[in-house]
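Please read the structure below before turning to the comments.
The values are calculated or read from the model by the stated rules, or taken from the named source; none is laboratory data. Not measured: the values here are computed from a predicted model. Glycine also receives a Cβ, built like all others from the backbone with ideal geometry; neighbour counts cover every protein chain displayed.
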Amino acid sequence: MTQKVISYLNQKGGVGKSTILFHHAHYANEMGKKVLVCDFDTQGNASTALLGDDYQEEQFGTVGAGWLLGKQNVDEVKIATSKNGISVIHADESLLDVEDMDIDDVVSLTGKNFELLTDFDLVLIDCPPTVGKRVIGALYASTNVVSPIEPRKFAIDGLASLIHTIMAVRDDRPELNFEGVVINRVNSRSPQQKRNVALIRESLGKQVFLSELVEREPISDAVEEGVPVWSLRKSGSVTAAAREMKAVLKEIEWRLS
Ligand SMILES: Nc1ncnc2c1ncn2[C@@H]1O[C@H](COP(=O)(O)OP(=O)(O)OP(=O)(O)O)[C@@H](O)[C@H]1O
Ligand SMILES: [Mg+2]
């Protein structure tokens, strides 16, 4: 199996990058794939969900994402592991310093460090809500990009510049593919949102995933508890949330193949 490296990317915050990535990691892990999550966001949401609140102390001596992006040297590449066996290169404080590096250094050092990560079938990168050097480093290491968005007017406005950034890297790195946009946090009772969803589908066509994710509390509860939504105790909304999440993940895996 050739390794896929997927960046979850949108410069807009709170659209579901970390949430969908967290579920993708579990989904692929349960399918028997060797999964690595790289957390490029200083908020450390993916790291916390996978490793717990005190991940830096708990996982003492493991490499952080500042290393991966070329900010730090380490003697030994020791990678943290979640309780389910998902590998995690967690967020660390040196991530912010990456923004002060020369962009050519970020790209070349990140590429070199990624070459060491050959043990994994699937690598998922959680990007911060910016378009800085960490994101460019992530794109140069990626084979695919998935962009969650919310069905709101300003979300649509930001998409053009996002796709422009991805295409600019793609000029240099043809193996980079834009898998498309996942519409997340849909409120099915809002007519305004319905119009926005229709507008997104009309303007982006096949780049929009067929499956959508409704805003459902069990999804945020599950991430807080550090488990995928399909592992929560069954109830009507858990079942619906799990079904919708698995449909999105199935579509991601299908688009990747
Ligand atoms: N479908 C959903 N239903 C309910 N809550 C959701 C859903 N998707 C995301 N959330 C919640 O919305 C918040 C933002 O999601 P998340 O952290 O995944 O976004 P993000 O794009 O990674 O944000 P940031 O850019 O700040 O990293 C979180 O509290 C998450 O639990
Ligand atoms: Mg996030």
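Is it the case that some residue within segment 44-58 is at pLDDT 95 or above, over 24 Å from L162 (Cβ atoms) and touching a Leu at 6+ places or on another chain (Cβ under 6 Å)?
Checked segment 44-58: no residue is at pLDDT 95 or above, over 24 Å from L162 (Cβ atoms) and touching a Leu at 6+ places or on another chain (Cβ under 6 Å).
Can you go through Q56, Q72 and tell me which one is part of a loop (DSSP other than H, G, I, E, B) and touching a residue at least 12 places away in the same chain (Cβ under 8 Å)?
Q72
Considering only segment 249-257, I want to know if a residue exists there that is closer than 17 Å to Y27 by Cα, more than 16 Å from ligand 2 (Cβ to nearest atom), exposed (fewer than 13 other Cβ atoms within 10 Å of the Cβ) and hydroxyl-bearing (S, T, Y).
yes
How many of the residues making up segment 2-55 are more than 10 Å from ligand 2 (Cβ to nearest atom) and closer than 21 Å to E179 by Cβ? Step through it out loud before you land on a result.
Going residue by residue through segment 2-55, those that are more than 10 Å from ligand 2 (Cβ to nearest atom) are 2-7, 9, 11-12, 23-38, 42, 47-48, 50-55.
So of that shortlist, the ones also closer than 21 Å to E179 by Cβ come out as 2-7, 9, 11-12, 23-31, 33-38.
Here the count works out to 24.
Within segment 203-238, how many residues turn out to be of a type outside the set (S, T, N, Q) and either assigned to a loop (DSSP other than H, G, I, E, B) or touching a strand residue (DSSP E or B) at 6+ places or on another chain (Cβ under 9 Å) (or both)?
Initially, segment 203-238 is screened for residues of a type outside the set (S, T, N, Q), giving 204-206, 208-210, 212-219, 221-230, 232-234, 236, 238.
Next cut, either assigned to a loop (DSSP other than H, G, I, E, B) or touching a strand residue (DSSP E or B) at 6+ places or on another chain (Cβ under 9 Å) (or both) only: 204, 206, 208-210, 212-216, 226-228, 232-234.
Total satisfying the criteria: 16.
If V186 satisfies all but one of (1) modelled with pLDDT of 95 or more; (2) touching a strand residue (DSSP E or B) at 6+ places or on another chain (Cβ under 9 Å); (3) within 22 Å of D39 (Cβ to Cβ); (4) aliphatic (A, V, I, L, M), what's the number of the condition it fails?
(3)
Can you tell me how many residues within segment 1-22 are touching a Pro at 6+ places or on another chain (Cβ under 8 Å) and part of a strand (DSSP E or B)?
The number of residues fulfilling the criteria is 1.
Can you confirm whether K34 is touching a residue at least 60 places away in the same chain (Cβ under 8 Å), away from ligand 1 (no atom under 16 Å from the Cβ) and under 29 Å from I219 (Cβ atoms)? Reasoning before the result, please.
Numbers: touching a residue at least 60 places away in the same chain (Cβ under 8 Å): yes; away from ligand 1 (no atom under 16 Å from the Cβ): yes; under 29 Å from I219 (Cβ atoms): yes.
Yes, satisfied.
Restricting attention to segment 27-53, which residues are among the hydroxyl-bearing types (S, T, Y) and not in a helix (DSSP H, G or I)? Please lay out each step first, then the result.
Within segment 27-53, the first condition is being among the hydroxyl-bearing types (S, T, Y), and the residues that meet it are 27, 42, 47-48.
Result: T42, single match.
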